[in-house]
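Take a look at the structure set out below.
The values are calculated or read from the model by the stated rules, or taken from the named source; none is laboratory data. Being a predicted model, the structure only gives us computed values, none of them experimental. When we count neighbours, we look across all protein chains shown, and the Cβ atoms used for this are built from the backbone with ideal geometry, even at glycine. Surface areas here come from the heavy atoms of the whole protein model, side chains and all, with no ligands, DNA or RNA. Shrake-Rupley method; radii C 1.70, N 1.55, O 1.52, S 1.80 Å.
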Amino acid sequence: MDNTTLKRIFEFLEEKEGKKHKQQGSLKWKLIFNEPLTEEDLNVKGDLNLQNTNLTSLPKGLRVGGDLILFKSIIESLPEGLYVGGDFNLFKSKISTLPKGLEVVGSLRFNGTYITSL
């Protein structure tokens, strides 16, 4: 199912049931449904789990205070200056290089990626 159809289903449920999806308005939601981002959206206070999503890129200026999980992600490159305050999990992702200015406070896990050198 494509994201447009999925978003219409969520909008229908919100209209008919008066219930919003728990992720609605979050950075993950906005990235998946290609909604505009604010400066505040780029500063994630906790963890950001984007595993198994169809996202192809991350926004420039992204700062994640907790863990960033890109397990089985199709994202092929990362923005320069990416900050991760916890662990950064790239297991089985399509990442082949790490960006300039990457800062990871916790552990960097990249088994099963295309990264050949650090």
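In the assembled protein chains, Ile74 presents an accessible area of approximately 70 Å² (probe radius 1.4 Å). Heavy-atom accessible area with a 1.4 Å probe sorts Ser77, Ser93, largest first, into Ser77, Ser93. Take Ile32: with every protein chain present and a 1.4 Å probe, its accessible area is about 40 Å². With a 1.4 Å probe rolled over the protein heavy atoms of all chains, the accessible area of Glu11, Glu80 falls in the order Glu80, Glu11, largest first. Against the main long axis of the alpha-carbon atoms of the chain, helix 3-17 sits at an angle near 40°.
Once every DSSP H run of n ≥ 4 in the chain is given -39500 (n - 2.57) and the sum is divided by its residues, what mean residue ellipticity at 222 nm do you get, rounded to the nearest 500 deg cm²/dmol?
Numbers: 2 runs with 21 residues, N = 118.
My calculation for the chain gives -5500 deg cm²/dmol from helical runs alone.
Seen from Arg8, the other residues with C-beta closer than 15 Å to its C-beta sum to a net charge of -3, counting Lys and Arg as +1 and Asp and Glu as -1. The largest accessible area among Phe88, Phe10 belongs to the first residue in Phe10, Phe88, and the rest follow in falling order (1.4 Å probe, all chains). Across the accessible surface of the range 7-118, with the other protein chains kept in place and a 1.4 Å probe, carbon and sulfur atoms take up 46 percent.
Heavy-atom accessible area for Glu15, with the other protein chains in place and a 1.4 Å probe, reaches approximately 140 Å². Binning all Cα-Cα separations of the range 9-111 at 10 Å, short to long from zero, yields these whole-percent fractions: 15, 47, 27, 9, 2.
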